[in-house]
Amino acid sequence: MTHLPLPTLDHVVINVRDQLDAAAPLYQKLGFDLTPRGHHTLGSMNNLAIFGTDYLELIAVPPDSTKRSSILTYPCGVNAVVFGAEDADRIYARLVEAGAPVLAPNDFSRPVDFEGGTGDAAFRTLHVAAEAFPAGRLYFCQHRTRDLVWRDEWRRHANGAIGVAGITSVSADPKAVGALLAQMFGTELVETIDGGVRLLVGLSSFDILTHAAAVERFGGALPDPEGRSDYMAALSFRTSSLDGAARHLADNGIKAEQSASGVLVAARDTMGATLEFVA
């Protein structure tokens, strides 16, 4: 019997192509305290918003870069769900045994500047094959240097965000995506919901909805699909104060509206990602 991995959320990714100089101050205005800019050995660069046990990554490539050109092939917006991995090689072996479409693990790192020192944050990742999940990227991340990522000085945000509550992706065939997730994690963690399926990821959820169901949930705040039938649409963040989040957004000139669950910021105002703040 194959012992499948238990899904935990490591981080979520918003792709900003080659526009990190514009995205970083925008997300600071949205109330996220960002880490200093990091530069991966793979050629990409990022800023992070660190929460309790997960984080948000803004990823980009430098203008005129010839490395990681795949980042430029995706529209701006939510681009990846990244699951936690204590042992990427062991997870890879288990998923291969289960017949899941995964690629061999890969190593990379980036220098980190923090209060009182510097270091090299090191990672080992394994990805689901791109053709298996056309909406974006699914992968696992093993942190070899967790102390260089989850640092207290980066965990306090003006919008009160303390963690990722949920991710929403749109698909022409949510059941097919659900079957992929069941193959990776087991059928007991994938459930049918109105308009799609849901993977339970620790204290978070990963919803795959039809376009109609996503419109019903987020309305005009959804990103422009730009002709895509499958795309990653929205991130929900748990906040310590909904009133505080709403007040911060208003004070900074960010248009927000009430959603069924909390406060909603449209994708057109965030470089392509629908953002929701919930209690």
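A few remarks follow.
- Placing +1 on the Cβ of every Lys and Arg and -1 on the Cβ of every Asp and Glu, with nothing else charged, gives the chain a dipole about its Cα centre of roughly 160 debye.
- The three principal axes of the C-alpha atoms in the range 9-154 carry coordinate ranges of 44, 33, 26 Å, sorted with the longest axis first.
- Karplus-based coupling profile of the range 165-172, in residue order and whole Hz: 8, x, 10, 10, 10, 10, 9, 5, with θ = phi - 60° in 6.51 cos²θ - 1.76 cosθ + 1.60 and x standing for Gly or Pro.
- Here the range 161-278 was treated as a single set of alpha-carbon atoms; its pair distances binned every 10 Å from 0 give 14, 44, 31, 10, 1 percent.
- Distance between modelled label sites at Gln258 and Asn106, nm, 7 Å Cα→Cβ extension: 4.6
- Over all pairs of different C-alpha atoms in the range 52-105, the reciprocal of the mean inverse distance, the Kirkwood hydrodynamic radius, equals 14.1 Å.
- Only DSSP H runs of four or more residues enter the estimate; each adds -39500 (n - 2.57), and after division by the residues of the chain the mean residue ellipticity at 222 nm equals -5500 deg cm²/dmol.
- Scalar couplings 3J(HN,Hα) for the range 98-110, obtained by applying the Karplus form with A = 6.51, B = -1.76, C = 1.60 to θ = phi - 60°, are 7, x, 6, x, 10, 9, 4, x, 9, 10, 7, 7, 7 Hz; x denotes Gly and Pro.
- The phi-based Karplus calculation (6.51 cos²θ - 1.76 cosθ + 1.60; θ = phi - 60°) puts the 3J(HN,Hα) values of the range 150-156 at 8, 10, 4, 5, 10, 9, 10 Hz, whole numbers, x for Gly and Pro.
- Computed over the chain: relative contact order in percent, which uses C-alpha pairs under 8 Å that are six or more apart: 20
- Which of Pro174, Gly160, Leu48, positive extreme of dipole for the chain (C-beta unit charges): Leu48
- Only lysines eight or more places from Lys175 in sequence, or on another chain, were considered; none has a Cα closer than 27 Å.
- For Lys29, the lysines whose Cα falls under 23 Å of its own Cα, not counting residues fewer than eight places away in the same chain, are Lys255.
- Springs between Cα atoms under 10 Å define the GNM used for the chain, and in it the highest mean-square fluctuation of Glu226, Glu216, Glu191 occurs at Glu226.
- Where N is the number of residues in the chain, Cα Rg divided by 2.2 N^0.38 Å: 0.95
Coordinate-derived values only; no laboratory data. The model shown is predicted, which means the values in this text are computed figures rather than measured ones. Note that we place each Cβ from the backbone using ideal geometry, even for glycine, and neighbour counts take in every protein chain shown.
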